Amino acid sequence: MKIYTKTGDEGQTGLYSGKRLSKAHPRVEAYGTVDELNAFVGLLRDHVEDDAISAELLAQQHHLFALGAAMADDRPGQAYQLPEDAATNLEARMDAMNESLPKMTHFILPGGAPVLSYAHLCRTVCRRAERRTVELAEVVEMDRSIVVYLNRLSDYFFVLGRYLAQRGGIEEVKWIS
């Protein structure tokens, strides 16, 4: 099977319904940013040395892949739905990690070690995916849980970065004004 189809050579892409859209359409921008996030989560997962955290990240990658597919599916009622507990599971995991973290007294800058930088990179790309999804939700009907999930996921990456710093004995880079 050939990977290239040449059907996008004129700047158009196809949705599940067969409808063609500009590659600059907000729908394509949203699911493309989710795909980019998924690639960065894979990079982060490649640098995490904890099997349980690696498994958590892999689970989020599966959610993100399906979420991108849902955004490319313009058939009403047929798109993938996130599990109802996707956001609350992230909240529970953040609460568990936060129990061992010191109270925040400063803003934290990305950096300190590659794995921490990758967590912050995931956080910022996730925020962009959230913005693109909100933009899309202004023009097409979308399940609100998608935006909620992306919002929690970006928070998760922030807390995960702090947690990895603590576990690795890496000092957080504090912003001092």
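If I ask for residues that are part of a helix (DSSP H, G or I), of a type outside the set (A, V, I, L, M) and surrounded by fewer than 18 Cβ atoms within 10 Å (Cβ to Cβ), which ones from the stretch 62-92 would you list? The answer is H62, F65, T88, E91.
Sub-9 Å Cβ pairs linking a first residue in the stretch 1-26 that is more than 19 Å from R75 (Cα to Cα) to a second residue that is among the polar types (S, T, N, Q) and surrounded by 12 or more Cβ atoms within 10 Å (Cβ to Cβ), at least 6 apart or interchain, are T7/T13; G11/S22, ordered by first then second residue. Picking from residues in the stretch 18-37 that are under 16 Å from M142 (Cβ atoms) and of a type in the set (S, T, Y), the one that is nearest to the chain's Cα centre (by Cα) is T33.
Sub-8 Å Cβ pairs linking a first residue in the stretch 84-110 that is farther than 22 Å from L121 by Cα to a second residue that is of a type in the set (F, W, Y), at least 6 apart or interchain, are S100/Y163, ordered by first then second residue.
Filtering the stretch 101-120 to residues that are surrounded by fewer than 14 Cβ atoms within 10 Å (Cβ to Cβ) and of a type in the set (S, T, Y) leaves only T105.
Residues in the stretch 122-137 that are without any contact (Cβ under 8 Å) to a residue 12 or more places away in the chain and of a type in the set (D, E, K, R): 1 in all.
Residues of the stretch 122-150 that are farther than 21 Å from R162 by Cβ, in a helix (DSSP H, G or I) and acidic (D, E): E135 alone.
Every test in (1) part of a strand (DSSP E or B); (2) touching a helix residue (DSSP H, G or I) at 6+ places or on another chain (Cβ under 7 Å) is passed by K174 save one, and that test is (2).
The residues on offer are S117, S145, S100, and the sole one that is within 20 Å of F40 (Cβ to Cβ) and out of contact with any strand residue (DSSP E or B) (no Cβ under 8 Å at 6 or more places or on another chain) is S117.
Name every residue in the stretch 152-177 that is polar (S, T, N, Q) and touching a residue at least 24 places away in the same chain (Cβ under 8 Å), in order of residue number. Spell out how you get there, then give the answer.
Quick first cut of the stretch 152-177, residues polar (S, T, N, Q) only: 154, 166, 177.
Once the filter is applied, which keeps residues that are polar (S, T, N, Q) and touching a residue at least 24 places away in the same chain (Cβ under 8 Å), the stretch 152-177 yields S154, Q166.
FYI, it's all coordinate maths here, none of it is from the lab. Computed from a predicted model, the values in this text were never measured in an experiment. Ideal geometry is used to build each Cβ from the backbone, glycine not excepted, and the neighbour counts take in all protein chains shown.
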